[in-house]
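Contents: one structure, followed by commentary.
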Amino acid sequence: MTISLENTSAAQNLVGGPPTGKAPLDMDGLAWILFGASAFQYLNAACELNLFELLQDKPGLTKPQIGAELGLADRANDILLLGATATGMLTVEDGRYQLATVLADLLKTDDWQRFKDTVGFEQYVCYEGQMDFTESLRANSNVGLRRVRGSGRDLYHRLHENPQMEQAFYKYMRSWSELANQHLVEVLDLSGTSKLLDCGGGDAVNSIALAQANPHIEAGILEIPPTAPLTEKKIAEAGLSDRITVKPGDMHADEFPTGYDTVMFAHQLVIWTPEENTALLRKAYNALPEGGRVIIFNSMSNDEGDGPVVAALDSVYFAALPAEGGMIYPWATYEESLTKAGFDPASFERIDFPGWTPHGVIIATK
Ligand SMILES: C[S@@+](CC[C@H](N)C(=O)[O-])C[C@H]1O[C@@H](n2cnc3c(N)ncnc32)[C@H](O)[C@@H]1O
């Protein structure tokens, strides 16, 4: 005898998608959170196995065909396709598999590789350290750093001791910046700027984009010495060594170089405590001429403290891993630091960027 559990919650499949915070959380949503790490592993495996590219090239493949193409044993293929369809990444009809529309659309764009680099960052940089999230909350410090080999005082000072992690990190950092810096280039009027200081500029991805869009500007990149050679290399590859120079140094310990009329913090003030941010912004204020501007470009959470969800989820990494302080702060927290640093609140400009990442920019003028 078959007992039907139709219309009871036990019989429902997890087809509703993860919770959004917009509707009351139900049991399916709670189960999504419970098994969220497993949902991510399906995404990561599908990316590493190039399952999505396969179905982009050959839509409508059957399960045995996919298994043969990916070189997976039947049971392994069953698991992968169970997860990929149950989470909604693939659809299956009459035994033929297709990409979900969101993936099919994303794969047609340059953002696909950027998305994949973000998946790689989650897997190879974030996951392990995030196991110490609770301890990090208790200690109000980045306890997860203990899982990263090396003796550097923060994640950035340990990356060169972990070459694979360093590669995943800067690949992601470039991609994460590129997902949003097209909007930065669009909204940032640099017609009155001649020299831009990019504090903690990473591999120069944002300075390169701004310099390419504004041929009259020069940029200096303040970066820690172990990362500076990578920064130099990327600037040279972009053919911009005559306009972008690297200033190896420590933004916390050293005074900021003068002679710059714009100071940019890109994905930088999410790392440090509000007090450290105020100190950095004060240094920027002191180094700028009258009328000079500071630019804060990164993800932002809302001032109500309840979203957006990507800002909340990304904050786990900033709490557990890179440095002692940090989170995806609300806009207002930066504005408070800017005010304490000496900038006039009347000059503040907030620009929220479109797209699925919670990026935005705050511009303040001295
Ligand atoms: C999250 S990444 C952002 C990179 C780049 N701004 C971007 O948006 O792609 C932070 C960068 O700040 C650099 N950094 C960390 N601590 C620093 C310090 N004390 N002085 C200078 N740079 C630092 C790191 O090496 C890293 O490249």
- Task: Please figure out what share of the DSSP beta bridges in the stretch 180-365 is antiparallel and state it in percent, rounded to the nearest 5.
- Result: 35 percent
- Note on the structure: Count of lysine pairs, the chain, Cα-Cα under 24 Å, sep. 8 or more residues or interchain, comes to 24
- Message: Taking 0.36 nm per residue of sequence separation and subtracting the Cα-Cα distance, how much length would be gained by fully extending the chain between Ala23 and Gln182, in nm to one decimal?
- Response: 54.1 nm
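Scan the chain and hand back the longest stretch that contains none of the GluC sites (Glu not before Pro) lying in DSSP loops with at most 11 other Cβ atoms within 10 Å. Mind dumping the intermediate values first?
On the way: sites that count: Glu6, Glu255, Glu290, Glu304.
It works out to 7-254.
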- Query: So what's the projected area for the stretch 22-107, the Cα convex hull averaged over all directions, in nm²?
  - Reply: 6.4 nm²
- Query: Where a ≥ b ≥ c are the square roots of the eigenvalues of the C-alpha gyration tensor, would you call the stretch 180-365 rounded, which needs a/c under 1.5, or, failing that, prolate if a/b is larger than b/c, or oblate?
  - Reply: rounded
- Simple label model, 7 Å out from Cα along Cβ direction - Glu128 to Thr365, nm: 4.9 nm
- Under a 1.4 Å probe, counting only protein heavy atoms, His157 has an accessible area in Å², nearest 10, of 40 Å²
- Item | Accessible area (Å², 1.4 Å probe, nearest 10) - Met327 | 70 Å²
- Note on the structure: So Asn302 and Gln113, fully extended at 0.36 nm per residue minus their Cα-Cα distance, gain in nm 65.2 nm
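I want to verify the translational diffusion coefficient of the chain in µm²/s; compute it with Stokes-Einstein, Rh as the Kirkwood radius over Cα pairs, at 37 °C and 0.692 mPa s.
For the chosen part, D equals 146 µm²/s.
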- Query: Say each of Gln65 and Leu82 gets a label point 7 Å from the Cα, pointing the same way as Cα to Cβ; how far apart are those two points in nm?
  - Reply: 2.4 nm
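The values are calculated or read from the model by the stated rules, or taken from the named source; none is laboratory data. The shown structure was predicted, so the numbers you read here are calculated from the model rather than taken from an experiment. Cβ coordinates were reconstructed from backbone atoms using ideal geometry, including for glycine residues, and neighbour counts include every protein chain displayed. Just so you know, the surface numbers come from the protein's heavy atoms only, side chains and all, with ligands and any DNA or RNA stripped out. Shrake-Rupley method; radii C 1.70, N 1.55, O 1.52, S 1.80 Å.
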